[in-house]
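The values are calculated or read from the model by the stated rules, or taken from the named source; none is laboratory data. If you're wondering where the values come from, they're calculated on a predicted model, not measured in any experiment. Virtual Cβ from ideal backbone geometry, glycine too; neighbours counted across all protein chains shown. Calculation scope for accessible area: heavy atoms of the full protein, side chains included, ligands and nucleic acids excluded. Shrake-Rupley method; radii C 1.70, N 1.55, O 1.52, S 1.80 Å.
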Amino acid sequence: MSALSFNSNYSVITKFDNIGGLKPRAPVKSAGVVVGRVGAINFDDKTFQAVVTLQLDNRYKFPKDSSARILTSGLLGEQYIGLEPGGDINVLVAGDKIRMTQSAIVLEHLISQLVFSKAAEAAGDSK
């Protein structure tokens, strides 16, 4: 029952190159406070990006130049959207798009980059 919200909300759209394990209903947080939820996740076959609809609580207004990034709670915790407010005097309204986004950091990619760079270092040392 705690997941139900009786507050009204407005939808904004974001696009990401990689959403990792982000799921619908994941929290949207700003300054550590839940300000909304992920409403829907779709795929744009023209830009080959994930389209994420955010349902933001009407009590919270964010500047139009705010940014969104996918973060992880702890090292292996759930993923959520972090909103960073911008400085614009105009605020986001229903249907607006957040253009500045940062995709999820995928642990497997980081490990493979580390292994590759260590292998390259070892190959360079042996010459």
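Couple of notes before you dig in:
- Any hit, the range 1-18, residues being over 14 Å from residue 101 (Cα atoms), touching a residue at least 60 places away in the same chain (Cβ under 8 Å) and either of a type in the set (A, V, I, L, M) or in contact with a strand residue (DSSP E or B) (Cβ under 8 Å, 6 or more places away or on another chain) (or both): yes
- Filtered by the rule that a residue be under 14 Å from residue 66 (Cα atoms), outside any strand (DSSP E or B) and either hydrophobic (A, V, I, L, M, F, W, C) or modelled with pLDDT under 65 (or both), the range 80-127 gives 89, 92, 93.
- Filtering the range 38-74 to residues that are aromatic (Phe, Trp, Tyr) and open to solvent by 20 Å² or more (accessible area, probe 1.4 Å) leaves 43, 48, 60.
- Taken together, the residues in the range 23-32 that are closer than 11 Å to residue 69 by Cα and buried (at least 18 other Cβ atoms within 10 Å of the Cβ) amount to 2.
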